[in-house]
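The values are calculated or read from the model by the stated rules, or taken from the named source; none is laboratory data. Just so we're clear, the structure is a prediction, and the values are computed from it rather than from any experiment. Glycine also receives a Cβ, built like all others from the backbone with ideal geometry; neighbour counts cover every protein chain displayed.
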Amino acid sequence: MTTGPAMRPDWIAVDWGTSHCRAWAMTATGSHLAHARSDRGMGTLTRDDYPQALLDLVGPWLSDRPLRAMVCGMAGSRQGWVEAPYTAVPCRPDALTTVNAPMADPRLSVTVIGGVRQNKPADVMRGEETQIAGFLQKNQGFDGVLCLPGTHSKWVQVSAGEIVSFRTFMTGEIFALLADRSVLRHTLDQEWDEAAFRDALSEAISRPETVAHRLFSIRAESLLSDLAPGAARARLSGLLIGMELAAARAYWLGQQVAVIGSAGPAQHYHTALSEQGLTPIQTDGDAMTLAGLFAAYKTQKATV
């Protein structure tokens, strides 16, 4: 579905995830004119499906004047539209490898941004590098750690404009599996108890080895003591995020930290870090994505 007026942009920004694809009609100065979103993510497409999926999404913005689409995310994965190679750390997130994707329609040329890899310990990112590039464009001179919450949250050390190292945690995916497929699914709802979250967070950070036990206690307490579903959900989140913070302590302890994201899980990470005495910067994830894609567009335009 497209929001905003049908206009004639100078280029198109695309964030192609596993489950969704989002596009923005952009001006030459980096402002967006319209936004479109579909549920045709990487997980639903074959390689041959991508050109038409993109045209279906951005077709109303096209005219006889050729446009470039800058694409980040899973469209560049091995299972995506075209494999865009990883660049090894340390690296500048605004100077990564790009690959042109096949597009028969002459109105649109497509450039896909590559991801970032870390050989030891083994880790990869695809999509987050563009948010990091956007953050560094807007916060030049930042040295510290970026926290990018999500299905697979990232902790990223940046210095002198480079990604130095990073670490990925499957916290969001574990939460979804436990909430939707484990015995805890009988215990949770969509309500939220902030005090329960903070208590569970503190316990998990101080004693991460007890988390597996404390997870089952959520179910037991709901049976024996009528634990409120909202408290159960918040406790599950607090235990998992607290366990992550305990493991990532070397990244955030004593560091300047910025959380990329402004709602949902990002707010919980901001709370968690604040509880540890930090004053994390909080930024809007979409704004960072667009800033990173704009930086890539300017680089691409300068080299063509």
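Couple of notes before you dig in:
- Failed criterion for R107 (all others in (1) closer than 23 Å to W252 by Cβ; (2) modelled with pLDDT of 95 or more hold): (1)
- Residue that is out of contact with any Gly (no Cβ under 6 Å at 6 or more places or on another chain), part of a strand (DSSP E or B) and of a type in the set (D, E, K, R), where the choices are R78, R68, R40: R68
- Output for the range 97-117, where each listed residue is free of Cβ contacts under 8 Å to residues at least 60 places away in the same chain and under 28 Å from G141 (Cα atoms): T97, V112, G114, G115, V116, R117
- Scanning the range 171-197 for residues that are in contact with a Ser or Thr (Cβ under 8 Å, 6 or more places away or on another chain) and surrounded by 17 or more Cβ atoms within 10 Å (Cβ to Cβ) yields T171, G172, F175, T187, F197.
- Given (1) farther than 18 Å from T130 by Cα; (2) in contact with a helix residue (DSSP H, G or I) (Cβ under 9 Å, 6 or more places away or on another chain); (3) not in a loop (DSSP other than H, G, I, E, B), index of the condition M7 fails: (3)
- Residues (within 14 Å of A104 (Cα to Cα) and crowded, with 18+ Cβ neighbours inside 10 Å) located in the range 25-52: Y50
- For the range 277-304, filtering for residues that are under 30 Å from G254 (Cβ atoms) and out of contact with any Lys or Arg (no Cβ under 9 Å at 6 or more places or on another chain) leaves 10.
- The set of residues from the range 269-299 being of a type in the set (G, A, S) and touching a residue at least 40 places away in the same chain (Cβ under 8 Å) comprises A272, G285, A287, A291, G292, A295, A296.
- Given (1) closer than 20 Å to G134 by Cβ; (2) loosely packed, with under 14 Cβ neighbours inside 10 Å, number of the condition Q157 does not satisfy: (2)
- Within the range 238-295, being out of contact with any Pro (no Cβ under 8 Å at 6 or more places or on another chain) and among the hydroxyl-bearing types (S, T, Y) holds for Y251, S262, T271, T279, T283, T289.
- Test: residue in the range 243-251 that is part of a loop (DSSP other than H, G, I, E, B) and surrounded by fewer than 20 Cβ atoms within 10 Å (Cβ to Cβ): yes
- Answer residue from the range 261-274, given it is surrounded by 18 or more Cβ atoms within 10 Å (Cβ to Cβ) and closer than 18 Å to M170 by Cβ and is modelled with the lowest pLDDT among those: G261
- Here A212, A266, A234 are screened, and the one residue that is touching a strand residue (DSSP E or B) at 6+ places or on another chain (Cβ under 7 Å) and under 19 Å from A176 (Cβ atoms) is A266.
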